[in-house]
Every structure is written in structure tokens, then in C-alpha cells.
1. Looking at the structure I just gave you, is ALA72 open to solvent by less than 30 Å² (accessible area, probe 1.4 Å) and over 18 Å from the mean Cα position of the chain (by Cα)?
2. Restricting to the stretch 94-131, count the residues that are within 19 Å of ARG178 (Cβ to Cβ) and not β-branched (Val, Ile, Thr).
3. If I go through the stretch 148-183 residue by residue, how many of them are farther than 21 Å from GLU109 by Cα, of a type in the set (Phe, Trp, Tyr) and open to solvent by less than 30 Å² (accessible area, probe 1.4 Å)?
4. Only one of (1) open to solvent by 30 Å² or more (accessible area, probe 1.4 Å); (2) of a type in the set (Gly, Ala, Ser); (3) under 20 Å from THR290 (Cβ atoms) is not met by GLY210, so which one is it?
5. Suppose the filter is surrounded by 17 or more Cβ atoms within 10 Å (Cβ to Cβ) and either out of contact with any Gly (no Cβ under 7 Å at 6 or more places or on another chain) or modelled with pLDDT under 95 (or both); does LEU186 pass it?
6. List the residue pairs whose Cβ atoms are under 8 Å apart, where the first residue sits in the stretch 75-93 and is more than 16 Å from GLU129 (Cβ to Cβ), the second is charged (D, E, K, R) and surrounded by fewer than 18 Cβ atoms within 10 Å (Cβ to Cβ), and the two are 6 or more positions apart or on different chains.
7. Could you grab me the full set of residues in the stretch 132-164 that are in contact (Cβ under 8 Å) with a residue 40 or more places away in the chain, of a type outside the set (D, E, K, R), within 20 Å of GLY262 (Cβ to Cβ) and in a helix (DSSP H, G or I)?
8. Quick one: THR214 ticks every box in (1) part of a helix (DSSP H, G or I); (2) under 21 Å from ILE85 (Cβ atoms); (3) of a type in the set (Val, Ile, Thr) bar one, so which box is it?
Amino acid sequence: MSRIASSPFARIVEEVRAWRRLRRRTPKRLQKLETAHVIFLSPAKAGRTWVRVMLTHLCHQRYGTPLDTIIADDNLHRAVAAIPIVFFTHDVNEPPAVRARLSAGALGERRLVHLVRDPRDVTVSRFHELAFRKTAPERRLRGLPPDLPEWPLFAFALDERMGLPFVIESMNRWARERAAMPRALLVRYEDLRAEPLRELGRLADFLGLGARETELAAAVEYARFERLQAREVGGFYDRAILRPGDRADPRTYKVRRGEVGGYRNDFSPEEVAVLDRLVDERLLPGYGYTSSERERVEAAPGRS
């Protein structure tokens, strides 16, 4: 049985199925994009699932929607018209026809939420996502190296097509697009972690959910990382985005660590210096992740 499953024919069949799924996905994603009230854009591994769970809990408190149904597109809007249709996207993972519609010119006056995270932390989480949560056929379909799980993390981080340079380029593009959109909200993962009530409240107001402080506090408590991990292991949610690839392998978990600045624990001091220099040299200002921007914040009056 294992010989059949690993045969070249079986691998070809699996890749064809993956290709067909991608082809069917294009018209569906285009339709969802066109009907959405809000575009929720983020790099992969920027904490979006955590935010979606908190938003789901806010909707549950206010409107009684199911807790195990994570907000996605119009699933909650169909039950309660006051809940907006939200198109969640990582942009770079979309079919080409959808990516062509994701720009300031095409979106115009529509609302945009841009969730970001330190690109160095994103890069570490991105490696675990691509190497250990994606299947071998999915990696082949994306043109990723077949031996990616064996790559050293630092080699991945420096790769122009997959690593930190790729993440920075995407963030730079959306810094320019967002500047041309009159109804855009920038949300930083780090600010959400530091001031979750304030930032979640700001996001809820932008989405038109109008949550009270007690509701915000309950949503934050519900979405604590250890609780998210427990629900992921137990298969609580209705969507595959919150299920581990392998329960015995922590590297395949969707919710892994959620740390701020955790990348420093994954590299040597010399490697950290290289990655910091890349951010300083290539990332556009405005996100708060360059050395000069962080120094200004830390030097501000009242900052401990």
C-alpha cells in the first residue's frame, strides 16, 4: 500500500488534482472579491487567524453566530446582514486574475484592512508553513524546492523568491497601494499584542461591528494562544485553516508561538544582524520595523 501511495503515478494524480482545485478556485475567488464590503489583506503568517477568531467571537456575542464558524467572506453575513462580507487574502497566494484586481486602482473607495507583522517574524513562520504544513504536491505546484523541509532556516530567510526579501517586497507594494486608498486601516500585529482591547476595538469600529469593551475583553480572552492551540488539536473549528498537519509534530501547527521578535531566538547574533540590515535597507518607512523607527519610538517621552 505504501509503495502504491508513493509511486510516480500516484504523485502525478495528486498534482493534477491540486491543479484542478486551483483552476476551479479562480472564478469563486473573483466572485467573492467583487461582493465583499471589506478587503482584509495581510502577509501569510501575520496573525490573521488569531484576529479572525476574535472577530468571530465578537459576532457571536453580539448576534449569536456559531463559535465554531470562523468569519470568512459572507458566511456570517448570510445569517446576520449587519455583519460585513469580508474578503480575506494574502494577495500573493491568489490566482493571477484575482491579484490583478487587488490594487488601489481596482478597489477604489472600498474599505481595506492591512494587517502587518515584523517581516522577520513572518519569514520564520512562513518557513514552517511552507516546509511542514504544505504537502509535497502543493509545494511542487507553487514551484517551491522539493527538499524545502531540509533547508536551513537562514538559507530560506535570505532566499529572494521565498524568504525575507520576498516578504519585504510585498509589504512595500502595499505601502504604496494603501497610500492611494482613502478608506484603509493599518493594523500591526505587535500593537494588537501590546494593546489588544484598543486595537481590536479600532478594527471592530472600522468593520462596523461597534463592540463594547466587555465584548472586546471576552474576545481577547477567548482567543488566547494556548486556547487556540487546544482547539486546533481538538478540531473544534469548521475550517481546515485551524487544524495541525500532524498532531505529533508541533512544526505543522497553525498556531505555533505568536511571539513578538521571536525571530531573534531562531538565528545566531550574526544572522540576526544580516536580517536586520536587510529590513533597514529595503523596507519602506512607515511600518515601524526599521532600526531608526524603533529607536525613535523607544526614545519618545514616557516610553519605558
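1. Working: open to solvent by less than 30 Å² (accessible area, probe 1.4 Å): yes; over 18 Å from the mean Cα position of the chain (by Cα): no.
No, not satisfied.
2. The number of residues fulfilling the criteria is 20.
3. 1
4. (3)
5. On the way: surrounded by 17 or more Cβ atoms within 10 Å (Cβ to Cβ): no; either out of contact with any Gly (no Cβ under 7 Å at 6 or more places or on another chain) or modelled with pLDDT under 95 (or both): yes.
It is false that LEU186 is surrounded by 17 or more Cβ atoms within 10 Å (Cβ to Cβ) and either out of contact with any Gly (no Cβ under 7 Å at 6 or more places or on another chain) or modelled with pLDDT under 95 (or both).
6. ILE85/ASP74
7. PHE132, LEU153, PHE154, ALA157, LEU158, LEU164
8. (2)
The values are calculated or read from the model by the stated rules, or taken from the named source; none is laboratory data. These numbers come from a predicted model, not from an experiment. No Cβ is skipped: glycine too gets one built from the backbone with ideal geometry, and neighbour counts run over all protein chains shown. Note: areas computed on protein heavy atoms with side chains; ligands, DNA, RNA excluded. Shrake-Rupley method; radii C 1.70, N 1.55, O 1.52, S 1.80 Å.
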